[in-house]
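Asker: Shown below is the structure under consideration.
The values are calculated or read from the model by the stated rules, or taken from the named source; none is laboratory data. Just so you know, these numbers come straight off a predicted model, no measurement behind them. Counting neighbours? That spans all protein chains shown, and the Cβs are built from the backbone with ideal geometry, glycine included. Accessible surface is based on the protein model in full, side chains and every heavy atom, while ligands, DNA and RNA are left aside. Shrake-Rupley method; radii C 1.70, N 1.55, O 1.52, S 1.80 Å.
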Amino acid sequence: MSAFDLTGKTAIVTGANTGLGQAIAEALATAGADIVAVGRTPPVDTRFAVEALGRRFHDISADLSTMEPIGRIVAETVQHFGGIDILVNNAGIIRRNDAVDFTEDDWDTVMDVNLKTTFFLTQAVGRRMIEQGRGGKIVNIASMLSYQGGIRVPSYAASKSGLAGITKALANEWAAKGINVNAIAPGYFSTNNTTALRADEDRSRDILARIPAGRWGTPADIGGAAVFLSSSAADYVHGTLLAVDGGWLGR
Ligand code: NAD
(Lines give C-alpha, C1' and ligand atoms only; values in the text may rest on other atoms or scores of the structure.)
Protein backbone atom coordinates (compact mmCIF):
# COMPACT_ATOMS: atom_id res chain seq x y z
CA MET A 1 0.00 0.00 0.00
CA SER A 2 2.62 2.54 -1.09
CA ALA A 3 0.18 5.51 -0.94
CA PHE A 4 0.08 5.05 2.84
CA ASP A 5 3.83 4.44 3.23
CA LEU A 6 5.58 7.02 5.44
CA THR A 7 9.11 5.61 5.13
CA GLY A 8 11.69 8.38 5.36
CA LYS A 9 9.19 10.96 6.67
CA THR A 10 9.70 12.91 9.89
CA ALA A 11 6.60 13.45 12.03
CA ILE A 12 6.26 15.77 15.02
CA VAL A 13 3.52 14.60 17.40
CA THR A 14 2.61 16.78 20.40
CA GLY A 15 1.43 15.11 23.62
CA ALA A 16 2.71 11.73 22.42
CA ASN A 17 3.43 10.29 25.88
CA THR A 18 -0.11 8.98 26.43
CA GLY A 19 -3.62 8.46 25.04
CA LEU A 20 -4.40 9.41 21.45
CA GLY A 21 -1.00 11.05 20.84
CA GLN A 22 0.84 7.89 21.82
CA ALA A 23 -1.37 5.77 19.54
CA ILE A 24 -0.86 8.22 16.67
CA ALA A 25 2.93 8.23 17.10
CA GLU A 26 2.95 4.42 17.08
CA ALA A 27 0.70 4.24 14.00
CA LEU A 28 2.87 6.72 12.06
CA ALA A 29 6.00 4.78 13.05
CA THR A 30 4.35 1.52 11.96
CA ALA A 31 3.77 3.16 8.56
CA GLY A 32 7.49 4.07 8.44
CA ALA A 33 7.88 7.56 9.93
CA ASP A 34 10.54 8.74 12.36
CA ILE A 35 8.97 10.45 15.37
CA VAL A 36 9.67 13.66 17.29
CA ALA A 37 7.56 13.59 20.46
CA VAL A 38 6.88 16.99 22.05
CA GLY A 39 5.41 17.43 25.50
CA ARG A 40 5.68 17.95 29.24
CA THR A 41 6.04 14.33 30.32
CA PRO A 42 8.85 12.01 29.17
CA PRO A 43 7.35 9.69 26.50
CA VAL A 44 9.06 6.56 27.82
CA ASP A 45 6.58 3.95 26.52
CA THR A 46 6.24 5.71 23.16
CA ARG A 47 10.01 5.77 22.66
CA PHE A 48 10.17 2.05 23.44
CA ALA A 49 7.37 1.22 20.97
CA VAL A 50 8.73 3.42 18.15
CA GLU A 51 12.30 2.17 18.50
CA ALA A 52 11.05 -1.44 18.65
CA LEU A 53 9.55 -0.80 15.20
CA GLY A 54 13.02 0.20 13.95
CA ARG A 55 12.19 3.89 13.59
CA ARG A 56 14.18 6.81 14.96
CA PHE A 57 12.78 8.75 17.94
CA HIS A 58 13.59 12.12 19.45
CA ASP A 59 11.93 13.67 22.49
CA ILE A 60 11.59 17.45 23.01
CA SER A 61 10.51 18.59 26.47
CA ALA A 62 8.10 21.49 26.08
CA ASP A 63 5.28 23.25 27.90
CA LEU A 64 2.84 24.08 25.12
CA SER A 65 0.88 26.54 27.27
CA THR A 66 3.52 29.11 26.27
CA MET A 67 5.06 30.24 22.99
CA GLU A 68 8.59 29.60 24.32
CA PRO A 69 9.20 26.14 22.82
CA ILE A 70 8.01 26.86 19.28
CA GLY A 71 11.35 27.94 17.79
CA ARG A 72 13.32 25.12 19.35
CA ILE A 73 10.78 22.45 18.31
CA VAL A 74 11.40 23.34 14.67
CA ALA A 75 15.17 23.87 15.10
CA GLU A 76 15.75 20.61 17.04
CA THR A 77 13.66 18.56 14.62
CA VAL A 78 15.58 19.90 11.63
CA GLN A 79 18.89 19.40 13.45
CA HIS A 80 18.09 15.75 14.26
CA PHE A 81 16.22 14.58 11.18
CA GLY A 82 16.99 17.21 8.50
CA GLY A 83 13.43 18.46 7.93
CA ILE A 84 9.75 18.15 8.84
CA ASP A 85 7.13 16.30 6.79
CA ILE A 86 4.23 15.83 9.23
CA LEU A 87 2.92 17.76 12.23
CA VAL A 88 0.20 16.27 14.44
CA ASN A 89 -1.19 18.86 16.85
CA ASN A 90 -2.55 16.49 19.47
CA ALA A 91 -1.71 18.04 22.87
CA GLY A 92 -4.82 19.44 24.48
CA ILE A 93 -6.54 20.00 27.80
CA ILE A 94 -10.07 20.38 29.08
CA ARG A 95 -11.58 22.23 32.08
CA ARG A 96 -15.07 21.39 33.33
CA ASN A 97 -17.26 23.84 35.21
CA ASP A 98 -20.69 25.49 35.01
CA ALA A 99 -20.60 28.50 32.70
CA VAL A 100 -21.61 30.84 35.56
CA ASP A 101 -18.59 29.69 37.59
CA PHE A 102 -16.08 29.47 34.77
CA THR A 103 -12.89 31.38 35.63
CA GLU A 104 -10.52 33.40 33.48
CA ASP A 105 -7.87 30.76 34.20
CA ASP A 106 -10.22 27.98 32.96
CA TRP A 107 -10.64 30.02 29.79
CA ASP A 108 -7.05 31.13 29.15
CA THR A 109 -5.30 27.87 30.01
CA VAL A 110 -7.41 25.85 27.60
CA MET A 111 -7.28 28.44 24.81
CA ASP A 112 -3.49 28.82 25.16
CA VAL A 113 -2.73 25.11 24.75
CA ASN A 114 -5.52 24.02 22.41
CA LEU A 115 -5.59 27.03 20.10
CA LYS A 116 -2.88 29.69 20.51
CA THR A 117 0.23 27.51 20.70
CA THR A 118 -1.27 25.12 18.16
CA PHE A 119 -1.66 27.97 15.67
CA PHE A 120 1.81 29.41 16.21
CA LEU A 121 3.53 26.01 16.14
CA THR A 122 1.69 25.27 12.90
CA GLN A 123 2.79 28.66 11.54
CA ALA A 124 6.45 27.89 12.36
CA VAL A 125 6.26 24.38 10.87
CA GLY A 126 4.36 25.68 7.83
CA ARG A 127 7.11 28.25 7.19
CA ARG A 128 9.68 25.46 7.27
CA MET A 129 7.59 23.25 4.96
CA ILE A 130 7.23 26.12 2.49
CA GLU A 131 11.03 26.70 2.56
CA GLN A 132 11.68 22.97 2.06
CA GLY A 133 9.45 23.05 -1.03
CA ARG A 134 8.33 19.42 -0.77
CA GLY A 135 4.87 19.96 0.76
CA GLY A 136 3.79 18.48 4.05
CA LYS A 137 0.90 17.22 6.14
CA ILE A 138 -0.62 18.91 9.17
CA VAL A 139 -3.20 17.01 11.23
CA ASN A 140 -5.05 18.80 14.02
CA ILE A 141 -6.82 16.77 16.69
CA ALA A 142 -10.23 18.43 16.91
CA SER A 143 -13.32 17.03 18.70
CA MET A 144 -17.05 16.44 18.55
CA LEU A 145 -17.04 19.90 20.16
CA SER A 146 -15.75 21.29 16.87
CA TYR A 147 -19.40 20.70 15.82
CA GLN A 148 -21.33 20.72 19.10
CA GLY A 149 -21.40 22.73 22.33
CA GLY A 150 -20.88 19.98 24.89
CA ILE A 151 -21.86 20.34 28.54
CA ARG A 152 -19.89 22.43 31.09
CA VAL A 153 -16.80 22.81 28.87
CA PRO A 154 -17.19 26.24 27.21
CA SER A 155 -13.49 27.02 26.68
CA TYR A 156 -12.90 23.54 25.29
CA ALA A 157 -15.82 23.94 22.86
CA ALA A 158 -14.50 27.37 21.84
CA SER A 159 -10.98 26.05 21.34
CA LYS A 160 -12.00 23.01 19.29
CA SER A 161 -14.47 25.01 17.18
CA GLY A 162 -11.64 27.51 16.63
CA LEU A 163 -9.30 24.69 15.66
CA ALA A 164 -11.78 23.61 12.97
CA GLY A 165 -11.70 27.19 11.67
CA ILE A 166 -7.91 27.35 11.65
CA THR A 167 -7.78 23.99 9.85
CA LYS A 168 -9.86 25.40 7.00
CA ALA A 169 -8.16 28.82 6.99
CA LEU A 170 -4.66 27.34 6.70
CA ALA A 171 -5.81 24.78 4.13
CA ASN A 172 -7.03 27.66 1.96
CA GLU A 173 -3.62 29.38 2.15
CA TRP A 174 -1.35 26.36 1.86
CA ALA A 175 -3.17 23.84 -0.37
CA ALA A 176 -1.55 25.27 -3.51
CA LYS A 177 1.86 24.85 -1.86
CA GLY A 178 1.30 21.10 -1.46
CA ILE A 179 0.68 21.35 2.27
CA ASN A 180 -2.43 19.51 3.44
CA VAL A 181 -4.05 20.87 6.59
CA ASN A 182 -6.79 18.61 7.95
CA ALA A 183 -8.22 17.50 11.29
CA ILE A 184 -9.42 14.36 12.98
CA ALA A 185 -12.49 14.79 15.17
CA PRO A 186 -12.42 11.97 17.71
CA GLY A 187 -15.65 10.91 19.35
CA TYR A 188 -15.59 9.64 22.94
CA PHE A 189 -12.36 7.77 23.72
CA SER A 190 -11.15 6.15 26.95
CA THR A 191 -8.18 8.39 27.87
CA ASN A 192 -7.21 10.82 30.66
CA ASN A 193 -9.22 13.51 28.85
CA THR A 194 -12.49 11.69 29.60
CA THR A 195 -11.73 10.30 33.09
CA ALA A 196 -14.29 12.60 34.75
CA LEU A 197 -16.98 11.76 32.18
CA ARG A 198 -16.46 8.04 32.57
CA ALA A 199 -16.59 8.39 36.36
CA ASP A 200 -20.01 10.08 36.11
CA GLU A 201 -22.41 7.12 35.78
CA ASP A 202 -25.26 9.13 34.23
CA ARG A 203 -23.10 10.92 31.65
CA SER A 204 -21.19 7.77 30.83
CA ARG A 205 -24.41 5.79 30.25
CA ASP A 206 -25.99 8.59 28.15
CA ILE A 207 -22.88 8.89 25.99
CA LEU A 208 -22.63 5.18 25.37
CA ALA A 209 -26.33 4.99 24.48
CA ARG A 210 -25.77 7.47 21.63
CA ILE A 211 -22.74 5.75 20.05
CA PRO A 212 -23.97 3.49 17.21
CA ALA A 213 -20.82 1.34 17.49
CA GLY A 214 -21.94 0.49 21.03
CA ARG A 215 -18.60 1.21 22.69
CA TRP A 216 -16.22 4.04 23.55
CA GLY A 217 -13.22 4.43 21.28
CA THR A 218 -9.83 3.09 22.30
CA PRO A 219 -6.61 4.89 21.30
CA ALA A 220 -5.85 2.21 18.69
CA ASP A 221 -9.01 3.31 16.81
CA ILE A 222 -7.40 6.64 15.84
CA GLY A 223 -4.20 5.46 14.11
CA GLY A 224 -5.61 4.64 10.67
CA ALA A 225 -7.09 8.12 10.17
CA ALA A 226 -3.80 9.72 11.26
CA VAL A 227 -1.78 7.62 8.81
CA PHE A 228 -4.22 8.39 5.99
CA LEU A 229 -4.14 12.17 6.52
CA SER A 230 -0.31 12.08 6.89
CA SER A 231 0.23 10.13 3.68
CA SER A 232 0.16 10.78 -0.05
CA ALA A 233 -3.20 8.93 -0.12
CA ALA A 234 -4.59 12.24 1.19
CA ASP A 235 -2.78 14.54 -1.28
CA TYR A 236 -6.09 16.03 -2.55
CA VAL A 237 -7.75 16.22 0.89
CA HIS A 238 -7.66 19.76 2.27
CA GLY A 239 -9.44 21.50 5.15
CA THR A 240 -11.56 18.54 6.16
CA LEU A 241 -12.55 17.24 9.61
CA LEU A 242 -12.54 13.46 9.60
CA ALA A 243 -14.80 12.19 12.39
CA VAL A 244 -13.62 8.98 14.08
CA ASP A 245 -16.57 8.67 16.39
CA GLY A 246 -18.24 5.26 16.25
CA GLY A 247 -21.07 6.97 14.35
CA TRP A 248 -21.87 9.61 17.03
CA LEU A 249 -22.41 12.49 14.57
CA GLY A 250 -24.73 10.50 12.36
CA ARG A 251 -27.10 9.83 15.20
P1 NAD B 1 -4.70 12.99 27.43
O2 NAD B 1 -5.05 13.93 28.51
O3 NAD B 1 -4.27 11.61 27.77
O4 NAD B 1 -3.57 13.61 26.50
C5 NAD B 1 -3.31 14.99 26.38
C6 NAD B 1 -1.88 15.20 25.98
O7 NAD B 1 -1.61 16.61 25.87
C8 NAD B 1 -0.89 14.65 27.02
O9 NAD B 1 0.22 14.09 26.36
C10 NAD B 1 -0.47 15.90 27.77
O11 NAD B 1 0.81 15.79 28.38
C12 NAD B 1 -0.45 16.91 26.63
N13 NAD B 1 -0.49 18.28 27.12
C14 NAD B 1 -1.50 18.89 27.77
N15 NAD B 1 -1.12 20.13 28.13
C16 NAD B 1 0.15 20.30 27.69
C17 NAD B 1 1.10 21.35 27.78
N18 NAD B 1 0.84 22.50 28.40
N19 NAD B 1 2.32 21.17 27.23
C20 NAD B 1 2.63 20.00 26.62
N21 NAD B 1 1.77 18.96 26.51
C22 NAD B 1 0.56 19.12 27.04
O23 NAD B 1 -5.98 12.93 26.53
P24 NAD B 1 -6.24 12.46 25.01
O25 NAD B 1 -7.64 12.06 24.94
O26 NAD B 1 -5.18 11.53 24.53
O27 NAD B 1 -6.12 13.87 24.27
C28 NAD B 1 -5.39 14.07 23.07
C29 NAD B 1 -6.15 15.06 22.19
O30 NAD B 1 -7.38 14.45 21.77
C31 NAD B 1 -6.53 16.35 22.90
O32 NAD B 1 -6.34 17.44 22.01
C33 NAD B 1 -8.00 16.15 23.19
O34 NAD B 1 -8.69 17.37 23.31
C35 NAD B 1 -8.41 15.37 21.98
N36 NAD B 1 -9.69 14.66 22.07
C37 NAD B 1 -9.84 13.63 22.96
C38 NAD B 1 -11.07 12.97 23.02
C39 NAD B 1 -11.32 11.81 23.94
O40 NAD B 1 -12.45 11.32 23.99
N41 NAD B 1 -10.34 11.33 24.67
C42 NAD B 1 -12.12 13.37 22.20
C43 NAD B 1 -11.93 14.43 21.32
C44 NAD B 1 -10.70 15.05 21.27
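Asker: Rounding to the nearest 20 debye, state how big the charge dipole of the chain is about its Cα centre with +1 on each Lys and Arg Cβ and -1 on each Asp and Glu Cβ.
Answerer: 540
Asker: How much net charge surrounds Leu163 when only other residues with a Cβ under 15 Å from its Cβ are counted (Lys, Arg +1; Asp, Glu -1)?
Answerer: +2
Asker: Could you please report the charge total around Gln148, scoring K, R as +1 and D, E as -1 over all other residues with beta-carbon less than 15 angstrom from its beta-carbon?
Answerer: +3
Asker: Taking amide H positions as placed in the peptide plane 1.01 Å from N, state which residues far from Val36 in sequence (5 or more) or on other chains have amide H under 5 Å from it.
Answerer: Amide H to amide H, under 5 Å and 5 or more residues apart or across chains, Val36 pairs with Ala11, Ile12, Val13, His58.
Asker: Nothing charged except the Cβ atoms of Lys and Arg (+1) and of Asp and Glu (-1): what's the magnitude of the dipole of segment 176-251 about its Cα centre? Round to the nearest 20 debye.
Answerer: 60
Asker: Cα centroid distance between segment 105-136 and segment 5-63, in Å?
Answerer: For segment 105-136 versus segment 5-63, the Cα centre distance is 18 Å.
Asker: Could you tell me which of Trp248, Ile207, Ile93 has its Cα farthest along the dipole of the chain towards the positive end, charges placed at Cβ (Lys, Arg +1; Asp, Glu -1), taken about the Cα centre?
Answerer: Of the listed residues, the answer is Trp248.
Asker: Additional query: Which net charge results for the neighbourhood of Ser232, defined as the other residues with beta-carbon distances under 14 angstrom from its beta-carbon, given Lys and Arg at +1 and Asp and Glu at -1?
Answerer: The answer is 0.
Asker: When only the heavy atoms of the protein chains count and the probe is 1.4 Å, how do Asp85, Asp5 rank by accessible area, highest first?
Answerer: The most accessible residue leads, giving Asp5, Asp85.
Asker: Return the long-range amide H neighbours of Asn89 (sequence gap of 5 or more, or a different chain), with a cut-off of under 5 Å between placed amide H atoms.
Answerer: Those qualifying (amide H under 5 Å, at least 5 residues apart or on another chain) are Val139, Asn140, Ile141.
Asker: Same structure, new question: Using heavy-atom solvent-accessible surface (probe 1.4 Å) with all chains present, what is the largest-first order of Thr14, Thr240?
Answerer: Result, largest first: Thr240, Thr14.
Asker: Let me know the whole percent of all Cα-Cα pairs from segment 2-243 that are separated by more than 23 Å.
Answerer: Cα-Cα pairs of segment 2-243 separated by over 23 Å account for 46 percent.
Asker: Now a separate question. What are the trypsin sites (Lys or Arg not before Pro) within segment 98-136 that DSSP puts in a loop, where the Cβ has at most 15 other Cβ atoms within 10 Å?
Answerer: Loop-located and lightly packed - Arg134.
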